[in-house]
1. What number of residues within the range 166-176 satisfy the criterion of being in contact (Cβ under 8 Å) with a residue 60 or more places away in the chain and buried (at least 16 other Cβ atoms within 10 Å of the Cβ)?
2. Output the residues belonging to the range 68-91 that are closer than 22 Å to Ile148 by Cβ, surrounded by fewer than 11 Cβ atoms within 10 Å (Cβ to Cβ) and of a type in the set (D, E, K, R).
3. For the range 33-128, which helices (runs of 4 or more DSSP H) that fit wholly inside it have 1 or more residues that are more than 16 Å from the ligand (Cβ to nearest atom) and of a type in the set (Val, Ile, Thr)?
4. Lys18 fails exactly one of the following numbered conditions: (1) within 18 Å of the chain's Cα centre (by Cα); (2) buried (at least 18 other Cβ atoms within 10 Å of the Cβ). What is the number of that condition?
5. Tell me which residues, restricted to the range 55-87, are in contact with a Leu (Cβ under 7 Å, 6 or more places away or on another chain) and aromatic (Phe, Trp, Tyr).
6. Residues being among the hydrophobic types (A, V, I, L, M, F, W, C) and surrounded by 18 or more Cβ atoms within 10 Å (Cβ to Cβ): count how many of those fall in the range 141-155.
7. If the Cβ limit is 6 Å and pairs must be 6+ apart or interchain, which residue in the range 105-117 that is farther than 18 Å from Glu76 by Cβ pairs with which residue that is among the aromatic types (Phe, Trp, Tyr)?
Amino acid sequence: MAFTFFFRDINVINAAVKAVMPNITGRSRAYIWDAGCAMGQEPYTLAIVLAENMGHFAFGNIRILASDYDEGGNFEKIIADGVYGYEELKRIPEGLFKKYFTPFGEKSFRVIDMIRESVQFVKHDLLTLKPVKENVSLILCKNVLLHINESQRLEVIKMFHGALSAGGRLGFENTQKMPDKISELFERQDGDAVIYTKKDISAVLA
Ligand SMILES: C[S@@+](CC[C@H](N)C(=O)[O-])C[C@H]1O[C@@H](n2cnc3c(N)ncnc32)[C@H](O)[C@@H]1O
């Protein structure tokens, strides 16, 4: 279940970053939640795309909370180390690879400090229905909700709604649609990328 790689679903990540830029630009601190982050490939991809779009100075104000229920209990160390092999890295465009990774040992590469320091792992089960943080500007939850049943999915997405700041964005993988039963909580945007904007309809949650 935890298999993934850098730059997976890059169209979604690019669209999510483009959508959230107005909400986070000029802020002294902005939080992003990557829910179901596996071993760090996705939050580090997100961090690289944010750094490229914001510039490195403004990117220093971004914190990415990367959460997973991490059944094996080893993701925290893997993510903190930030060391990955060729199979996970091979889809990264060459220019970005050279800019954001340094050789580590004979066959591995390490994410540079600036990117590693922006990502913090949180061990967290989405089914607790408690957010890792409130007032987050963007939640990215890709290839995760397909692993839970429909009623759990509805509750998790409602929890995401509560965790987002006003106008915050939510991104899924290309095949995950917003369930009709709670579609009034979010507004769809951005053509074919699966990005939603939080609507402020607190009465719906009552
Ligand atoms: C297929 S991976 C997706 C990784 C990444 N988001 C991506 O799109 O490549 C699914 C991840 O979701 C995590 N996961 C599944 N159910 C979860 C839950 N209830 N709470 C937290 N994480 C969960 C798994 O541990 C796994 O790391």
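Here, each number is a calculation from the coordinates, and none is a lab measurement. These numbers were taken from a predicted model, which means no experiment stands behind them. Quick reminder, even Gly has a Cβ in these numbers, built from the backbone with ideal geometry, and neighbours come from all protein chains shown.
1. Count: 5.
2. Glu71, the sole residue that qualifies.
3. 113-116
4. Against the list (1) within 18 Å of the chain's Cα centre (by Cα); (2) buried (at least 18 other Cβ atoms within 10 Å of the Cβ), Lys18 comes up short only on (2).
5. Phe59
6. Residues that pass the stated criteria total 3.
7. Between residues of the range 105-117 that are farther than 18 Å from Glu76 by Cβ and residues that are among the aromatic types (Phe, Trp, Tyr), the close pairs are Phe109/Phe101; Ile112/Tyr100.
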